[in-house]
Amino acid sequence: MKIRPPLLLLLGMLVLFGPLIDSARPASRDCRSENTANILRFGVHVSGIGNLDPHFAAGSQDRALADMLFNGLLRYQPGNAPKIEPDLAEHVPGFEMVGGQQVWTVNLRKGVFFHPGPMTAAHELTADDVVFSLQKSASREFCAYAGEYEGMSVVPVDRYTVRIIVEKPLSAILFLPKLTNYAGGFIVSRRAIETMGYDRFKQHPVGTGPFMFSHYTSGGNLFLKAHGSYFRGRPLLDGVQFHFMPEIGMRESALKDGRLDVIMGSGEKGWVEKMTQEPEIAVDTHGVGEVATIYLNTKMKPLDDIRVRRAIAYALNRKGFLNTTSKRFVGSVFSPVPAEFLPGGLTQAEAELLKLTYDQDLAKARQLMVDAGYPGGFTLDLVTSEKRLYRTYYEEMGRQLAQIGIDCRISVETHSTMHRRIRREPLPIVVYVAWRPNADAYLSRFFHSEAIVVSGSKPDTNFSRYDKADQLIEAARLEINPKMQTGLWVQAQILILDDMAAFPIMTTKQCYARSLCVEYGHPLVSTMALYPQFTENTKLNRNP
């Protein structure tokens, strides 16, 4: 279902007129820092925040911010994703079939309060906020993940109850993640957005999370403070500061000197081993295992020729990519859906049996280039992020493709700019790193024709502009038999790999280093937020 016209009109008016209307060391020791303030200083690996609207959070810095400011109806258990538990909802909902329609009823917690905002006092969460949020999430104009929320009707039953009616029934494994604290599942304040305008909301977000927005200095730092009325209890921290430092050397030095408490680490070989020798620092690695994939534009010359795409695949060597990063953080992957983490992917043995691993064969790659009419190769203009991992992928790919005469001219952009450009410009190749909660999310968002960037009916992240797997993806989405559903997902990926619309490179874990004074307050196994998660239970044990 498309977003209701009144809400779409309202949000459109607000845009125009809004201003008017795994652990290497023990968990805890005292810090050496002389700063005794109870504020956690967080060093991130980019030059600035991307988008403050949680429904547009894409980069890991944006996801971390959304995780601290907002809640979902459900949440991935802190540090233990993909286990789901209630968040703003009292219970994990079930469904019933009513008149041939699937209906999910959600009962809200009472006494949950939104943060005070620039133009609104603290106010209680109600069903109206949930309806408003999920309708916003279904609008392509106001949510980057709208494709996941269309086909849903959301209606209030009373102040603390909503019903969600799904046009095409879904299994719980596909439906419940839509309500979590991830992607479009974050609940925003209707009152705050209507009062201050959508543009102002994007500058000063208002949520229900354990921390609330204070201020952001462009090119500087972003400041959060504790939400004293948080429904799970006031946070043990007084606040969190984001420090934007793209260079790992700067972050590392600041952590060692006690100027930062937690930093995004580096998968560069030797870095973890070096940092674990520091007496007051711990290095943690955790899931989820994001998948790095090379997407080949099947509609753009010269990659519209399958011989060229296969030549590129045979020129690539997964071991070369794996060797750029510490073995502690990476794993092999042979299909768009990672078989190691989710049902529906192809294992290495299965891909080898089907001859879909595309093991490096430079002679075959060069012959395919000749057959396609490119014996001397060609030049590709590409865009990468400032992030070390992205730069490494593109540089290694460029080095390998040069062996068959393909010259990759790579432009380095800020991470947020890269995200905008790859969604708005036709590019021959896009390297993208992502985790999705299930096989349908991977396949629908990266390979269904509706999700083709720019031109798709629901533009998302189909960078390959691939359009041959729609029927299999849709059939799997509606299949409630788990074995048959998994089989359809596998068939879709066999087709995708045979057409070489995408070349999976490897999986990567998250890496963070922290002062031993930091206790996250939960086990750290895996997080959907792509950082260790700072919650109401996170604390600092500083020297007095």
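The values are calculated or read from the model by the stated rules, or taken from the named source; none is laboratory data. Since this is a predicted model, take the numbers as computed values, not measurements. Backbone-built Cβ (ideal geometry, glycine too); neighbour counts: all protein chains shown. In case anyone asks, the SASA skips ligands and DNA or RNA and just uses the protein heavy atoms, side chains included. Shrake-Rupley method; radii C 1.70, N 1.55, O 1.52, S 1.80 Å.
Before moving on, here are some points about what is shown:
- Test: residue in the stretch 120-127 that is over 18 Å from Phe231 (Cβ atoms), out of contact with any Leu (no Cβ under 7 Å at 6 or more places or on another chain), assigned to a loop (DSSP other than H, G, I, E, B) and hydrophobic (A, V, I, L, M, F, W, C): no
- Pick from the stretch 311-337, criterion assigned to a loop (DSSP other than H, G, I, E, B) and open to solvent by 40 Å² or more (accessible area, probe 1.4 Å), ranking: modelled with the lowest pLDDT: Arg328
- Members of the stretch 504-544 found to be of a type in the set (S, T, N, Q), in a strand (DSSP E or B) and at pLDDT below 95, listed by number: Thr507, Thr508, Gln510, Ser526
One line per residue, one yes/no per condition, for (1) open to solvent by less than 50 Å² (accessible area, probe 1.4 Å); (2) of a type in the set (Val, Ile, Thr); (3) over 23 Å from the mean Cα position of the chain (by Cα):
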position	(1), (2), (3)
Ala451	yes, no, no
Val454	no, yes, no
Leu478	no, no, yes
Met484	no, no, yes
Asp499	yes, no, yes
Ile505	yes, yes, no
Cys511	yes, no, no
Leu516	yes, no, yes
Tyr520	yes, no, no
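- Subset of the stretch 91-118 [in a loop (DSSP other than H, G, I, E, B) and surrounded by 15 or more Cβ atoms within 10 Å (Cβ to Cβ)]: Val92, Pro93, Arg109, Val112, His115, Pro116, Gly117
- Lys274 closer than 30 Å to Ala441 by Cα, open to solvent by 20 Å² or more (accessible area, probe 1.4 Å) and out of contact with any Asp or Glu (no Cβ under 8 Å at 6 or more places or on another chain): no
- Matching strands (runs of 3 or more DSSP E) fully within the stretch 338-451 where at least 1 residues are touching a Lys or Arg at 6+ places or on another chain (Cβ under 6 Å): 378-385
- Flag for Tyr442 being of a type in the set (Phe, Trp, Tyr), at pLDDT 95 or above, out of contact with any helix residue (DSSP H, G or I) (no Cβ under 9 Å at 6 or more places or on another chain) and crowded, with 18+ Cβ neighbours inside 10 Å: no
- Members of the stretch 456-469 that are buried (at least 21 other Cβ atoms within 10 Å of the Cβ), at pLDDT 95 or above and of a type outside the set (Ser, Thr, Tyr): Asn462, Phe463, Arg465, Ala469
- Test for Ile294: is it open to solvent by less than 10 Å² (accessible area, probe 1.4 Å), in contact with a helix residue (DSSP H, G or I) (Cβ under 7 Å, 6 or more places away or on another chain), within 30 Å of Gly456 (Cα to Cα) and not in a loop (DSSP other than H, G, I, E, B): yes
- If you go through the stretch 390-433 and pick out every residue that is farther than 27 Å from Ser455 by Cβ and either of a type in the set (Phe, Trp, Tyr) or touching a Ser or Thr at 6+ places or on another chain (Cβ under 7 Å) (or both), you end up with 4.
- The condition of being exposed (fewer than 15 other Cβ atoms within 10 Å of the Cβ) and either modelled with pLDDT of 95 or more or over 25 Å from the mean Cα position of the chain (by Cα) (or both) holds for Ala349.
- Enumeration of residues in the stretch 247-263 that are in contact with a strand residue (DSSP E or B) (Cβ under 9 Å, 6 or more places away or on another chain), open to solvent by 30 Å² or more (accessible area, probe 1.4 Å) and closer than 21 Å to Tyr216 by Cα: Met250, Arg259
- Meets criteria (under 27 Å from Ser171 (Cβ atoms) and buried (at least 23 other Cβ atoms within 10 Å of the Cβ)) for Gln493: yes
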